[in-house]
Each structure stands twice: as structure tokens, then as C-alpha cells.
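Structure first, then comments.
The values are calculated or read from the model by the stated rules, or taken from the named source; none is laboratory data. These figures come from a predicted structure and were not determined experimentally. As a convention, Cβ positions derive from the backbone with ideal geometry for all residues, glycine included, and neighbour counts pool all protein chains shown.
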Amino acid sequence: MKRVLIGGLVHETHTFLAETTDLQAFSRLIWVQGSGLLDRCQGDVSPMGGALEVAQQRGWRVYPSVYGAAMPSGTVADEVLETWWQRFGADLDQALQEGLDGILLILHGAMAFTSFADGEGELLQRVRDRLGQRRLPIAADLDLHANFSPRMARNANIFTGYRQNPHTDARQAGERAAQLLDLAMGGARPQVVCLKPPVIYSPKGTSTAAEPVVTLEAMARQLEADHPELLEVCVLPGFAYADVPCAGVSFCATTTGDPREAEALLQPLARYALAQAQAGNPQDPPIDEVMPRAMALARGPIGLIEPSDNIGGGTPGDGTGILQALISYGATNSAVVINDPEAAAACHTASTGDRLTLPIGGKMDRFHGPTLTLPVELLRRSDGRFALENEKSHLASLVGRQVDMGPTALVRHQGIYILLTTNKTPPMDLGQLRSQGLVPEELYLIGIKAAISHKAAYDPILRESFYVDTPGLGASDLRRFPYRHLPRPMAPLDP
Ligand SMILES: [Zn+2]
């Protein structure tokens, strides 16, 4: 019976945000240990759920250790890594005494700690160092938004990655990591190589339904088909809002063959990614350019997609750019969700039907538009909990079947609906609106704080959608960000 230690730590870190992500932020989403890990993840659609199912099929003896995940947000406090490592390191020592054949980690790949910019590189190095001379295989799965590093490659034997954005295949990446680990424990000795062309893509450029990633994905699958020694080729377009040396587009391959050959095979992908620097950075038109075009359409629902306040990318979700435009263009029967715990709390001390004057949004920092003080009518209050309509979505893989937006209130200003939430919630499921009394199919304009991750939920109902540029730290124009640690030159930032 193969004995495997399983754990993980998942975070996408937006290093330009002023906030620090502490242990509490993880506790709010996922922080489970030992049998609690199995209780939480067995049978769910997360990569951990997928890995555990393969473990069961293959008859592994699983040592569950510690698994944490938080919503995308600012730089992660060192205490998160140290707390995680204290438990994982102790479980590893224990497992080594009892007998251990492999290690499986569920990761993201774009985690940055206060003291360690290459979060996963540090974590994997600690695991590898603790193994000393033992040649146990380490397998990990990654989000395609991983900012992959050579240090990660050196300290693991297997990486698998998501191939869909929106991430509808997270579970499968976890399954493949477990399957390949099973192979490695049977005697194969895979190694990992990586290539990092000097190019960075904005989140919108990482869609797997558009160029350049469509072609890159096809090239990767063709490589796997032509070269059986390549167990997995990962296309990792990366996460741009990380001012770290390993940010940017990466490719990695897990190979049982000659690592230099595998590296050579990745070269055409790296060349293509670099040549497509412009396609990987599609720009958004200013919202004032878009509004007249949107308002010229008689019927909704019409999506106004706002990457600059892309909650799934870590921004506050309190940007007021779209709300301001809806008001100034008189777009009645439209809706936008604003994360504003203060305004939501004020509504919870009032009664339905009350008229209030509320300062709304733009509070977390100075980058997401001004706070708008508006007279509103309170339509509805709730505890903000809702059941996901799509139980197979990426959101489901993170939070389970229930989402908790915290105390939530629906208010109306000049015919515009504003949903005020306490916990920022990425717009990945229509249950978010429907549970609060809004019928998305009947709205005119819908402000959507996302770049790509909304598409699985919203594309089927939207008659039309427009990307808009508004103030925010998720802007598609990467030249606005004060990078200091990114290797230069980097396309398309430098000539
Ligand atoms: Zn992602």
C-alpha cells in the first residue's frame, strides 16, 4: 500500500494592494487539518477532492496534514507560512517515521509572503530539505495563474495545472497530480523543467477561449501526444498583479526523459507567447466611450465587465466607476454589487422601505473611484448566504456549495439597484443576485467585477457584453503598475 502525505496552501497574491492577508482570511475560507481535511474536501469539486478520489481508487494510505485557502487578496503574512509549515513539517516527520512513499500538495502558484516573494518555491524547498537524502516524489497541482519559478521546478517532481479559464477543470488537475504521483511511486523518476519568456499577460489575456492561450494550449497538448515522456505540459499565463521576480508567462513540463530535451521542446511555446505580447494584453475602452453604445441597445441583460475591480483577482470590489456611470446615464433597472460592510451594516439598523443617505464604495483605498454619497431606498436585507446555482463552478471548488456574503442589503437609487455586501464575493454565480431578489435575466445593465471568471455564469444570459476601463488595481493596462521586482525588459512594458 502506497503511503502519501497530503496538504496544501492556496492563494493568489495581489502585491499592489495595501492590505496584508493574515491567518484569519484563510480561516474564513479554508483551514483544515488531519481528518478535518478529509471531512471538508472528500467528494467536492476542488483539486483536493479530485486528488482524494484518486487516492481512494488506488488504495493509498493517506496521511492528511494541513490545507488552507483564502480569496485572492494582498501579500500574505509570514505567520501563514510558519503556521502551515509547523503543522506540515511535524506531520512529515511523523509520516517519515511510519513510512512514506510520496507527497501531494494542492497549490496555486502565485502566492507571495511578506518575506518570500516566491511563496510556493519557499514552501516546496522546505519540504524537499526536510526529506534530506530520501528520494520521495513530490507532486503538486497549480492554477494556470501561477507565477512559476525555477525554484519550484527544482523542488518537486510533478506539476499539473488547470487548462480552463474560467477554472471549470480544477478537480481534474488534482486528479492528474495524484495519478502521476502514483506512477512516480511505482518507479518512474520524473523531473520538472520550466521556461519563462520575458512577457507578461494581463488577466484578460489569460482566457483559454481566446488567443494567445488557445494556441498555446493546443501546442502543449500536441507535445504531450507526440512525446510520451512528457507526462504533463503546463501553460501558465500567470498573474500579473504580483511585483515579484517570477511573475509573467511560464511553461513547465514534467518529464521522465532528458530534461534538456524537454526544455528544447518548450521553446516554440515560449517564442509564441513572446510574439503574442499584444494579444495577451487586450485593452479596455473607457467606460464613457462604452456607455452610449450600451444604452443604444433597447434590451438587456447587458454586461458591463470591469476588470479593474476584478474581485477574483484580489481587488476590493468596492469600485464605484460603473455605479457612477449608471447614475450619470440614467440606466434604470440596472444593477451593481458593491462590497461595503459599513453601508451594509447601516442598512441592517434600518427597516425595509426606509430612505437613507449612504456613503457607498471607494473606501478600501484611493484607487477604486470616489465614495458616492447617495439617497437610497432600502428594499431588502439578508444574512447574505446563498446556495450556488452551479455546483461545479470554480467558486464551488473554493467555497463548497454555500456562499456567505455576510450581512447584505439591496438598495435602490434613481431606479438603479445596488447590492451591498459585507464579504467580497466574485461574480461567478447567478445565485448571488437571485437570492437577493434580483432576477438577472430581467435587468438592463449589470456591472460585473471580473475579467474572465464571470463567463461561465453570465455569458449564457447576457444579450451583449462590454469590457470597460474604470479606476482600479485590476486594470488591463499593466503600464499603470509600479513594478520594481519584475525582470526587465519585459514585453509589452518595455520596447
Ligand atoms: Zn486562476
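Take the residues in the stretch 150-169 that are surrounded by 24 or more Cβ atoms within 10 Å (Cβ to Cβ) and closer than 13 Å to C234 by Cα; name whichever of them is farthest from the ligand (Cβ to nearest atom).
I158
Do we have any residue at all in the stretch 110-122 that's more than 21 Å from S73 (Cβ to Cβ) and polar (S, T, N, Q)? Even if it seems obvious, please write down each step before you answer.
Here is the first cut: in the stretch 110-122, the ones more than 21 Å from S73 (Cβ to Cβ) are none.
No: the stretch 110-122 contains no residue that is more than 21 Å from S73 (Cβ to Cβ) and polar (S, T, N, Q).
Check the stretch 452-464 and report whether any residue there is under 28 Å from P198 (Cβ atoms), under 21 Å from the mean Cα position of the chain (by Cα) and touching a residue at least 60 places away in the same chain (Cβ under 8 Å). Full working, then the answer.
Narrowing the stretch 452-464 to residues under 28 Å from P198 (Cβ atoms): 452-453.
Subsequent filtering for residues that are under 21 Å from the mean Cα position of the chain (by Cα) retains 452-453.
Cutting the leftovers down to touching a residue at least 60 places away in the same chain (Cβ under 8 Å) gives us 452-453.
Scanning the stretch 452-464, I find at least one residue that is under 28 Å from P198 (Cβ atoms), under 21 Å from the mean Cα position of the chain (by Cα) and touching a residue at least 60 places away in the same chain (Cβ under 8 Å), so the answer is yes.
For the structure I just gave you, tell me whether A253 is in contact with a strand residue (DSSP E or B) (Cβ under 7 Å, 6 or more places away or on another chain) and in a strand (DSSP E or B). Show your work before the answer.
Details: in contact with a strand residue (DSSP E or B) (Cβ under 7 Å, 6 or more places away or on another chain): yes; in a strand (DSSP E or B): yes.
Judged against the criteria, A253 is a match.
When you scan the stretch 180-203, do you find a residue that is more than 16 Å from the ligand (Cβ to nearest atom), of a type in the set (G, A, S) and under 17 Å from L124 (Cβ atoms), even just one?
Residues of the stretch 180-203 more than 16 Å from the ligand (Cβ to nearest atom): 180-199.
Right, trim to of a type in the set (G, A, S) and you get 184, 186-188.
Retained after the next criterion (residues that are under 17 Å from L124 (Cβ atoms)): 184.
Yes, the stretch 180-203 has at least one match.
Do we have L266 as at pLDDT 95 or above, part of a helix (DSSP H, G or I) and closer than 30 Å to G74 by Cβ here?
Numbers: at pLDDT 95 or above: yes; part of a helix (DSSP H, G or I): yes; closer than 30 Å to G74 by Cβ: no.
Against the criterion (at pLDDT 95 or above, part of a helix (DSSP H, G or I) and closer than 30 Å to G74 by Cβ), L266 does not qualify.
Listed residues R3, R40; which is more than 16 Å from the ligand (Cβ to nearest atom) and modelled with pLDDT of 95 or more? Outline the logic, then answer.
Values: R40 fails: modelled with pLDDT of 95 or more.
Only one candidate passes the filter, namely R3.
Of the residues that sit in the stretch 204-251 and are more than 16 Å from the ligand (Cβ to nearest atom), over 25 Å from V10 (Cβ atoms) and among the aliphatic types (A, V, I, L, M), which one is surrounded by the most Cβ atoms within 10 Å (Cβ to Cβ)?
L230
Looking at the stretch 13-71, what helices (runs of 4 or more DSSP H) fall wholly within it and have at least 3 residues that are surrounded by 18 or more Cβ atoms within 10 Å (Cβ to Cβ) and touching a helix residue (DSSP H, G or I) at 6+ places or on another chain (Cβ under 6 Å)?
Values: elements: 23-29, 35-41, 47-57.
Filter on the stretch 13-71 gives 47-57.
Looking at K424 and the list (1) part of a loop (DSSP other than H, G, I, E, B); (2) within 17 Å of V45 (Cβ to Cβ), which single condition is not satisfied?
It fails just one condition, (2).
Which one is nearest to V32 (Cα to Cα) among residues in the stretch 393-422 that are modelled with pLDDT under 95 and away from the ligand (no atom under 16 Å from the Cβ)?
First, pick out the residues of the stretch 393-422 that are modelled with pLDDT under 95: 393-404.
Keeping just the survivors that are away from the ligand (no atom under 16 Å from the Cβ) gives 400-404.
Details: G400: 14, R401: 17, Q402: 17, V403: 18, D404: 18 Å.
Ranking the qualifying residues of the stretch 393-422, first place goes to G400.
Of the residues that sit in the stretch 6-37 and are of a type in the set (S, T, Y) and within 26 Å of D243 (Cα to Cα), which one is nearest to the ligand (Cβ to nearest atom)?
Step one: filter the stretch 6-37 for residues of a type in the set (S, T, Y), giving 13, 15, 20-21, 27, 35.
Next, from what is left, pick out any that are within 26 Å of D243 (Cα to Cα): 13, 15, 20-21, 27.
Details: T13: 12, T15: 16, T20: 21, T21: 16, S27: 22 Å.
Among those that are of a type in the set (S, T, Y) and within 26 Å of D243 (Cα to Cα), it is T13.
Can you name the number of the only condition in (1) touching a residue at least 60 places away in the same chain (Cβ under 8 Å); (2) surrounded by 21 or more Cβ atoms within 10 Å (Cβ to Cβ) that Y272 fails?
(2)
Among (1) touching a helix residue (DSSP H, G or I) at 6+ places or on another chain (Cβ under 6 Å); (2) without any contact (Cβ under 8 Å) to a residue 12 or more places away in the chain, there is one condition K204 misses while meeting the rest; what is its number?
Tallying (1) touching a helix residue (DSSP H, G or I) at 6+ places or on another chain (Cβ under 6 Å); (2) without any contact (Cβ under 8 Å) to a residue 12 or more places away in the chain, K204 fails exactly one: (2).
Just wondering, is there one or more residues in the stretch 100-108 that are touching a residue at least 24 places away in the same chain (Cβ under 8 Å) and more than 19 Å from G174 (Cβ to Cβ)? So that I can check it myself, show each step before the final result.
Filtering the stretch 100-108 down to residues touching a residue at least 24 places away in the same chain (Cβ under 8 Å) leaves 100-108.
Going one step further and asking which of them are more than 19 Å from G174 (Cβ to Cβ), we end up with 100.
Among the residues of the stretch 100-108, at least one is touching a residue at least 24 places away in the same chain (Cβ under 8 Å) and more than 19 Å from G174 (Cβ to Cβ), which makes the answer yes.
Could you list, ordered by first residue, the pairs with Cβ atoms under 9 Å in which the first is in the stretch 148-174 and at negative phi and the second is within 15 Å of the ligand (Cβ to nearest atom) and of a type in the set (K, R), at least 6 apart or interchain?
N165/K455; P166/K455; D169/R163; Q172/R163; A173/R163
Could you count how many residues in the stretch 367-378 are surrounded by fewer than 19 Cβ atoms within 10 Å (Cβ to Cβ) and either closer than 24 Å to D429 by Cα or aliphatic (A, V, I, L, M) (or both)? Before you say what the answer is, go through the steps one by one.
Here is the first cut: in the stretch 367-378, the residues surrounded by fewer than 19 Cβ atoms within 10 Å (Cβ to Cβ) are 370-373, 375, 377.
Now restrict to residues that are either closer than 24 Å to D429 by Cα or aliphatic (A, V, I, L, M) (or both): 372.
Residues meeting the conditions: 1.
So for the stretch 146-163 (the condition being at pLDDT 95 or above and β-branched (V, I, T)), does at least one residue qualify?
So far as the stretch 146-163 goes, yes, one or more of its residues are at pLDDT 95 or above and β-branched (V, I, T).
Any residue that is closer than 28 Å to M295 by Cα, outside any strand (DSSP E or B) and either not aliphatic (A, V, I, L, M) or not assigned by TED's automatic domain parsing to the domain that holds P72 (or both) - is there at least one of those in the stretch 391-414? Steps first, answer last, please.
If we filter the stretch 391-414 for residues that are closer than 28 Å to M295 by Cα, which is where we start, we get 409-414.
From what's left, outside any strand (DSSP E or B): 414.
Pick out the ones that are also either not aliphatic (A, V, I, L, M) or not assigned by TED's automatic domain parsing to the domain that holds P72 (or both) and you get 414.
Yes, the conditions are met somewhere in the stretch 391-414.
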